[in-house]
Amino acid sequence: MLSVGLSALFIVMLSSYSFASSDTPGKVIAGWVEKISIKNQSYALKAKLDSGAKTSSVHAENIELFKRDGQRWVRFQLLLEGAEGAEGEIETLTLEKSRVRRVKIKEHDGDHDSRPVVELDICFDGRPYAVEFTLTDRSAFIYPVLLGRRFLAGVAVVDPEVTFLTQAQCR
């Protein structure tokens, strides 16, 4: 009787596993931390993959809002870590991007922070993606990039036991 019960339990577990794996066609299995790159840059950024965050964010410095031809733009700097073979080197990349919108982010202390959102072309798992990022000071965090579920939803399944499974540069 015990073996019948264990067999039934095994079948239920196996069927739920096959359902989960069939639900992820075309998605890459990624670790909870991966490296990404800004398209056409050889420098990488470490990114925490966080399905609890809705929107992706990136550490940006010297954020300046301005208008160009009546449109809202943002000038900011990203600090990029060393490329392959050049670990330890830091390059400052100054970018100007049109502002997609502003978002209000609820902080842990209950306050709200208003952040500009821009679209950046990144490379993740060797493929290019256009991703919306909030610009913020993430210097208090270990990882300068947080990839949220708006990006992850159609792209990756996160394995929380591993890191660095994907390729940062576009092929």
- line: Among (1) surrounded by fewer than 19 Cβ atoms within 10 Å (Cβ to Cβ); (2) in a helix (DSSP H, G or I), Gln167 falls short only on (2)
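Consider Ala153 carefully, then state whether it is aliphatic (A, V, I, L, M), free of Cβ contacts under 8 Å to residues at least 12 places away in the same chain, over 27 Å from Leu65 (Cβ atoms) and out of contact with any Cys (no Cβ under 6 Å at 6 or more places or on another chain).
yes
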message: Could you check segment 75-89 and list, in sequence order, the residues that are loosely packed, with under 11 Cβ neighbours inside 10 Å and modelled with pLDDT of 80 or more?
response: none
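Name the single residue, out of those in segment 131-147 being within 20 Å of Ile29 (Cα to Cα) and out of contact with any Asp or Glu (no Cβ under 6 Å at 6 or more places or on another chain), that is surrounded by the fewest Cβ atoms within 10 Å (Cβ to Cβ). First the steps, then the outcome.
First, the residues of segment 131-147 that are within 20 Å of Ile29 (Cα to Cα): 131, 143, 145-147.
If we keep only those that are out of contact with any Asp or Glu (no Cβ under 6 Å at 6 or more places or on another chain) too, we end up with 131, 143, 145, 147.
Details: Val131: 21, Tyr143: 17, Val145: 25, Leu147: 30.
Going through the qualifying residues, I end up with Tyr143.
So which residues in segment 102-146 are in a loop (DSSP other than H, G, I, E, B), closer than 23 Å to Glu81 by Cβ and without any contact (Cβ under 8 Å) to a residue 12 or more places away in the chain? Talk me through it step by step, then tell me what you get.
Of all residues in segment 102-146, those in a loop (DSSP other than H, G, I, E, B) come to 107-111, 125-126, 137-144.
Cutting the leftovers down to closer than 23 Å to Glu81 by Cβ gives us 125-126, 137-144.
Within segment 102-146, just Ala140 meets the criteria.
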message: Go through (1) in a strand (DSSP E or B); (2) in contact (Cβ under 8 Å) with a residue 60 or more places away in the chain for Ala53 and report which single condition fails.
response: (1)
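Among the residues of segment 119-130, are any over 20 Å from Gly26 (Cβ atoms) and among the small types (Gly, Ala, Ser)? Give the derivation first.
The first filter runs over segment 119-130 and keeps only residues over 20 Å from Gly26 (Cβ atoms), leaving 119-121.
When the remaining residues are screened for being among the small types (Gly, Ala, Ser), the result is none.
No - not one qualifying residue is present in segment 119-130.
Confirm whether Gly52 is under 27 Å from Val158 (Cα atoms) and surrounded by fewer than 18 Cβ atoms within 10 Å (Cβ to Cβ). Quick ask: steps written out before the conclusion?
Details: under 27 Å from Val158 (Cα atoms): yes; surrounded by fewer than 18 Cβ atoms within 10 Å (Cβ to Cβ): yes.
Criteria met by Gly52.
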field: Residue count for segment 48-80, restricted to those that are touching a Phe, Trp or Tyr at 6+ places or on another chain (Cβ under 6 Å), under 20 Å from Phe164 (Cα atoms) and of a type outside the set (Ser, Thr, Tyr)
entry: 4
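So which of Tyr143, Tyr129 is among the hydroxyl-bearing types (Ser, Thr, Tyr), at pLDDT 95 or above and within 16 Å of Ser56 (Cβ to Cβ)? Show your work before the answer.
Working: Tyr143 fails: at pLDDT 95 or above.
Exactly one of Tyr143, Tyr129 is among the hydroxyl-bearing types (Ser, Thr, Tyr), at pLDDT 95 or above and within 16 Å of Ser56 (Cβ to Cβ), namely Tyr129.
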task: Could you please tell me which pairs satisfy a Cβ distance under 9 Å, a separation of 6+ or placement on different chains, a first residue in segment 79-101 that is outside any strand (DSSP E or B), and a second residue that is loosely packed, with under 12 Cβ neighbours inside 10 Å and at pLDDT below 70?
output: Gly82/Gly88
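In this structure, does Lys39 turn out to be touching a strand residue (DSSP E or B) at 6+ places or on another chain (Cβ under 7 Å) and either at pLDDT below 80 or surrounded by fewer than 17 Cβ atoms within 10 Å (Cβ to Cβ) (or both)? Spell out the reasoning first.
Details: touching a strand residue (DSSP E or B) at 6+ places or on another chain (Cβ under 7 Å): yes; either at pLDDT below 80 or surrounded by fewer than 17 Cβ atoms within 10 Å (Cβ to Cβ) (or both): yes.
Answer is yes for this residue.
The values are calculated or read from the model by the stated rules, or taken from the named source; none is laboratory data. These numbers come from a predicted model, not from an experiment. Every residue, glycine as well, gets a Cβ built from its backbone with ideal geometry; the counts of neighbours run over all protein chains shown.
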